[in-house]
Amino acid sequence: IVSLKAMVIPSHNAAADERNVLFSASSDGTVALHDLDKKGELIFSCQCIDKVKNVGQVTCADVSNPTAWDGGCDENDRDVIFLGTSSGYVVGYVAEELMTAAASSEISDEVCPVPSIQFRAHGNDSGAGEAVTAIRCGGHGTIPNTAAPTVGTSRMTSKILLTGGEDGAVKQWEILAQQSTFGVRLEHWPRMSSQRMKRRHHLFKGHHGAVTSISQQSKYDSSKFLTSGNDGSIRVWSATNGEELFTMDGFTSFVSSLACLGRDLLVTDGSGQYVCVHDFSIDDDLEAGYDLDW
């Protein structure tokens, strides 16, 4: 299992309640949804990469769950599951469509619907250093909902997706969605290496080795983010201009995971058998007479 995420999936049927769901993804491409309201009962399980050729194994996964955000959801927003693969591809599924497939007798439990999005995020056709090794859904995007919808469609505000590669590169993407009568269509930006993001930086370079984890202080603040890598460092980046704000070194081994607890606490590994809690409010504590005799 490469990822476990709890998510709330609302019902667009007034007669039905929202569902608390546990999502899991395995390296063999198996995606599963479990009903947390029914003691973890399995809702649906499938081989998500069966219909996607040459994507390799699933290496990482995350979920964009805007319908569960307090006051931050557009009525047309949808929850999306993103998978990173060993061949450099990102594959995305709308969670609601997986739930619909689970209720359909025409869909086999072993086959997932066609992905809502699939694109190469890292590497090229040479196969060198191309795996997506970390992935993070970064909250609201910066491309506004300005386009007038065509008949039968509805435009939605973009969402941020961050990916880390085997080669140490970190990339930021805008994911745009278009709701139509045929379901949700997802697109990524930039689509080509020659294209640029207007309000965001796309490529971040600094790690020497694979990126292992990506985190943010808050899903409501996408102005900066943190990354860790096999080089034993943690780096903080400005999402708007690509500047490396600062670096944390000195770990005894590579850092494989990190998590922000609010704006002041960072939890990491990278020190042998220990879990480290880094408190960035320590200067305020010193001014208040914090006792450091420990």
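The values are calculated or read from the model by the stated rules, or taken from the named source; none is laboratory data. Everything quoted here is computed from the prediction, not taken from an experiment. Backbone-built Cβ (ideal geometry, glycine too); neighbour counts: all protein chains shown. These accessible areas exclude ligands, DNA and RNA; they are computed on the full protein's heavy atoms, side chains included. Shrake-Rupley method; radii C 1.70, N 1.55, O 1.52, S 1.80 Å.
Quick notes
- Solvent-accessible ranking of T268, T212, largest area first, probe 1.4 Å: T212, T268
- Whole-Hz couplings from phi, Karplus 6.51/-1.76/1.60, listed for region 247-262; x for Gly and Pro: 10, 10, 10, x, 6, 7, 8, 5, 9, 9, 7, 8, 8, 8, 10, x
- Beyond 20 Å in Cα-Cα separation lie the following of the pairs K159/K219; K39/K219; K38/K219; K198/K224; K171/K219; K159/K224: K39/K219; K38/K219.
- Largest first and in whole Å, the equivalent-ellipsoid semi-axes of region 188-269 read 23, 16, 10, each the square root of five times a Cα gyration tensor eigenvalue.
- Within-11-Å neighbourhood charge of H207 [Cβ basis; K, R +1; D, E -1]: -2
- Placed amide H near G141: partners under 5 Å, 5+ positions off or other chain: S158, K159, I160
- Where K39, K205, K219 fall by accessible area, highest first, once all protein chains stay in place (1.4 Å): K39, K205, K219
- Around the amide H of S3, modelled in the peptide plane, lie the amide H atoms of A25, all under 5 Å away and 5 or more residues distant in sequence or on another chain.
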